[in-house]
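Heads up, the thing below is written out as structure tokens.
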Amino acid sequence: MKVNDLLFLDRCCDLARLGGAAVSPNPRVGAVLVYQGRIIGEGFHQQAGGAHAEVECVRSVQQEDRPLIPKATLYVSLEPCCFHGRTPACTSLIQEQGIKEVVIGQIDQTAEVSGKGISILTSAGVNVRSYPAHKGCQQVARERQVFATEKRPFVQLKYAQSADGFLAPLENTTYWISSPQSRILTHRWRSRSGAILVGAKTVIQDNPQLNSRLYPGPDPLRIVVDPKGQCSGKELVFQEQSSNAPTLWLRPDAAIESTADQLEIIDLSKRLPSNEYWGKGLLKFLFAILHQRELHQLTVEGGAAILRLFLEAGQWDEILRFTNPQKYFGAGVEAPSLTRLSGTQPDGQHIRGAVTAPEVQKIGGDILEVFYPRS
Ligand code: AOF
Ligand code: ZN
């Protein structure tokens with residue numbers, strides 16, 4: 001392991017993170033070209049269908065430095081692609097440029113790549129070093145990797161709780177728990193999200209818009225899971241004028257006609273047996289729809305039953321939990337208990353436990369904790 005390799009891969013990750021929602025369903029990727037310790041080129045993937053990070057990086061090299069390209073080392077956060085998709089293969093670019101040393105972070109789990117990019121380069125005489133354990137490279141590519149391997153989006157569960165672990169003080173009430181700063185951060189996340197999903201109860205009680213109006217950027221696809229047909233269709237999330245983003249409404253029937261252009265009603269009775277309107281059957285169906293639409297990231301924003309649905313099925317990848325340390329409800333709707341997650345269900349299925357990531361942040365007056373599945 002070379003210390004400089006890790007530093008330059010860190011730089012690749014900083015660049016990759018500049019890619020926003022437009023990158024989806026491609027992975028976020030960053031690349032740098034280094035000659036004798038000096039960065040002579042940098043680039044990142046900005047938009048699906050557009051130039052890959054390696055192409056942007058080579059393009060950015062100044063005229064006077066171009067003769068150095070064959071003598072430079074190319075660092076990329078992800079294995080270079082080796083097939084012609086919407087754009088040509090990066091392995092060809094590397095060979096055309098005469099680059100002889102490539103350092104990568106993650107192997108690209110996309111079926112067409114998956115190690116073949118490395119073997120093509122190695123066979124062509126390029127020296128390749130890889131760092132699959134590099135945390136930054138894992139993080140920037142994680143949505144794409146889950147999408148490619150599990151055929152479902154990367155699932156984030158997001159909620160806010162009181163200091164004593166309640167989502168709301170009473171059933172059927174709306175109560176704002178987190179700080180204005182946390183709200184802006186949530187909208188920033190939404191602007192980089194593929195889709196936001198909530199349950200019918202949340203739509204009826206909170207009447208959320210689920211867009212990213214407090215932060216610049218595109219609005220996500222909105223999904224309402226309403227297997228009992230409880231929503232009326234008059235709620236803001238279904239109204240075209242509340243946002244330019246489309247909404248998917250999963251209902252038990254087609255009793256309500258879509259009035260807004262961007263509202264798509266999915267009649268579950270035509271797609272699933274009624275005993276699968278909830279639970280693993282529903283999740284499987286939902287993931288198939290999202291995979292078909294090439295959505296590689298999904299944020300689940302509640303309520304309690306929906307959060308539990310994903311938790312109990314073990315179908316989640318990250319939990320973002322805000323806690324307001326000043327608020328005590330004493331009773332109400334309980335937040336999911338993450339410490340009770342590990343264990344075995346009655347059907348013998350193991351429940352994916354949760355572990356806290358080391359980073360705990362203060363956002364406004366709130367505490368933001370991040371949890372990952374116990375591996
Ligand atoms: C790279 N560098 O910056 C990205 C890669 O349709 P295309 O041509 O854009 O190809 C998409 C595939 O390329 C995608 O499925 C993934 O495997 C890879 N993404 N590869 O070398 C990049 N974004
Ligand atoms: Zn590529």
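The values are calculated or read from the model by the stated rules, or taken from the named source; none is laboratory data. Only a predicted model underlies this, so the values are computations on that prediction, with no experimental measurement involved. Neighbour counts are summed over all protein chains in view; Cβ atoms, including those assigned to glycine, are modelled from backbone coordinates with ideal geometry. Note: accessible area is taken over every heavy atom of the protein model, side chains too, but ligands, DNA and RNA are not part of it. Shrake-Rupley method; radii C 1.70, N 1.55, O 1.52, S 1.80 Å.
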Taking region 331-375 as the search range and keeping residues that are open to solvent by 40 Å² or more (accessible area, probe 1.4 Å), of a type in the set (A, V, I, L, M, F, W, C) and within 16 Å of residue 165 (Cα to Cα), which one is modelled with the highest pLDDT? 367
The condition of being in contact (Cβ under 8 Å) with a residue 40 or more places away in the chain and within 25 Å of residue 311 (Cβ to Cβ) holds, among 160, 200, only for 160
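Would you confirm, using the coordinates I've provided, whether residue 70 is within 8 Å of ligand 1 (Cβ to nearest atom), farther than 25 Å from residue 297 by Cα, of a type outside the set (A, V, I, L, M) and open to solvent by 30 Å² or more (accessible area, probe 1.4 Å)?
Numbers: within 8 Å of ligand 1 (Cβ to nearest atom): no; farther than 25 Å from residue 297 by Cα: yes; of a type outside the set (A, V, I, L, M): yes; open to solvent by 30 Å² or more (accessible area, probe 1.4 Å): yes.
Against the criterion (within 8 Å of ligand 1 (Cβ to nearest atom), farther than 25 Å from residue 297 by Cα, of a type outside the set (A, V, I, L, M) and open to solvent by 30 Å² or more (accessible area, probe 1.4 Å)), residue 70 does not qualify.
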Could you list all residues from region 291-314 that are in contact with an Asp or Glu (Cβ under 8 Å, 6 or more places away or on another chain) and either closer than 15 Å to residue 337 by Cβ or β-branched (Val, Ile, Thr) (or both)? 304
Mind listing whichever residues of region 24-57 are surrounded by fewer than 24 Cβ atoms within 10 Å (Cβ to Cβ) and either away from ligand 1 (no atom under 13 Å from the Cβ) or among the hydrophobic types (A, V, I, L, M, F, W, C) (or both)? 34, 35, 36, 37, 38, 39, 40, 41, 48, 51, 55
Using beta carbons and a limit of 8 Å, which pairs, at least six apart or on different chains, have the first residue in region 91-117 and over 11 Å from residue 78 (Cβ atoms) and more than 11 Å from ligand 1 (Cβ to nearest atom) and the second one open to solvent by less than 20 Å² (accessible area, probe 1.4 Å) and of a type in the set (Ser, Thr, Tyr)? 99/73; 101/73; 103/73; 103/75
Taking region 310-323 on its own, how many of its residues are part of a strand (DSSP E or B) and open to solvent by less than 20 Å² (accessible area, probe 1.4 Å)? 5
Is there any pair with a first residue in region 290-304 that is farther than 17 Å from residue 145 by Cα and a second that is open to solvent by 50 Å² or more (accessible area, probe 1.4 Å) and in a strand (DSSP E or B) whose Cβ atoms are under 8 Å apart and which are 6 or more apart or on different chains, and what are they? 304/334
For a quick check of your reading: which strands (runs of 3 or more DSSP E) sit entirely within region 136-249 and have at least 2 residues that are in contact with a Leu (Cβ under 8 Å, 6 or more places away or on another chain)? 154-162, 195-199, 221-225
